[in-house]
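One structure is given here, and the rest of the page talks about it.
The values are calculated or read from the model by the stated rules, or taken from the named source; none is laboratory data. Keep in mind that what you see is a predicted model, and the values were worked out from it rather than measured. Glycine also receives a Cβ, built like all others from the backbone with ideal geometry; neighbour counts cover every protein chain displayed. When the accessible area is computed, the model is the full protein with side chains, heavy atoms only, and any ligands, DNA or RNA have been set aside. Shrake-Rupley method; radii C 1.70, N 1.55, O 1.52, S 1.80 Å.
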Amino acid sequence: MPTRGWFITIEGPEGSGKTTHAGRLLAYLEANGVRAIGTREPGGTALGEHIRDLLLESADRDHDPLADALLFSAARRQLVQEVIRPALLAGTTVVCARFADSTLAYQGYGSGLPLDDLRALERVATGGLKPDLTVLLDVPPEVGLRRKGPDDRTRFELAFDLDFHARVRDGFLALAAAEPRRFAVIDASTATGAVWEAVRAAADRLIASSEASGEPERAGERIQR
Ligand code: TMP
């Protein structure tokens, strides 16, 4: 029986520090003997990076939200099939910056699409794959958006107002409240060092839970080949 990898996602509003902490987490896991790879959404594959450009760099700001959700889902499907599922099945842990919770938060809570429709789309795109741990870096939108430089801003930061981003933040918090075992909610408005300590503690709990229970039920064991 191969040992399965963990599937860890990092979520949060704009400017919450996902990229920084995903990189640190990857280095920390590797330093602790956990074989791991990092990836991101949308992106992480050739097709996904093309879709990312369409979604984030488009000068046409008037996208239909369901069209956006379908594009994010197409990129997700490719990433799951090409990168995440094979890695988990080979025993490699995957750290992914953003995943399906972002579609629920942005296109659901933010743009108002029905959550049930988005969950159905998620099931189709992911084949039911769920993260073992989701680190939610929580930050108020006015704080997160202020951290972004002018060259750093995507269509979502340029074309959507503060109310939209506030709904996204509240959406993430509602998702976390509904699944407290999967989510670690971390206040990301404080100094980076303190945030990292909390991320590390969440990773340590995941590692300890597998040691306590012998072989953990991991994402890789629930996914179909
Ligand atoms: P980021 O990778 O720099 O965070 O940019 C991704 C942007 O795309 C960000 O504004 C959030 C948005 N997004 C969605 O609206 N829905 C999704 O499903 C995903 C993955 C991202």
Between a first residue in the range 156-184 that is more than 29 Å from L54 (Cα to Cα) and a second residue that is among the hydroxyl-bearing types (S, T, Y) and surrounded by fewer than 19 Cβ atoms within 10 Å (Cβ to Cβ), which pairs have beta carbons less than 9 Å apart while being 6 or more apart in sequence or on different chains?
none
Is there a residue being open to solvent by less than 40 Å² (accessible area, probe 1.4 Å) and within 9 Å of the ligand (Cβ to nearest atom) anywhere in the range 24-31?
no
Counting only residues in the range 86-100 that are assigned to a helix (DSSP H, G or I) and open to solvent by less than 10 Å² (accessible area, probe 1.4 Å), the one nearest to the ligand (Cβ to nearest atom) is identified as A100
Going through G48, G15, G43 one at a time, which residue ends up being in a helix (DSSP H, G or I), within 13 Å of the ligand (Cβ to nearest atom) and in contact with a helix residue (DSSP H, G or I) (Cβ under 8 Å, 6 or more places away or on another chain)?
G48
Members of the range 107-127 found to be open to solvent by 10 Å² or more (accessible area, probe 1.4 Å) and either part of a strand (DSSP E or B) or closer than 19 Å to A166 by Cα (or both), listed by number:
Y109, S111, G112, L113, P114, L115
If you go through the range 64-78 one residue at a time, do you hit one that is within 15 Å of the ligand (Cβ to nearest atom), in contact with a helix residue (DSSP H, G or I) (Cβ under 6 Å, 6 or more places away or on another chain) and assigned to a loop (DSSP other than H, G, I, E, B)?
no
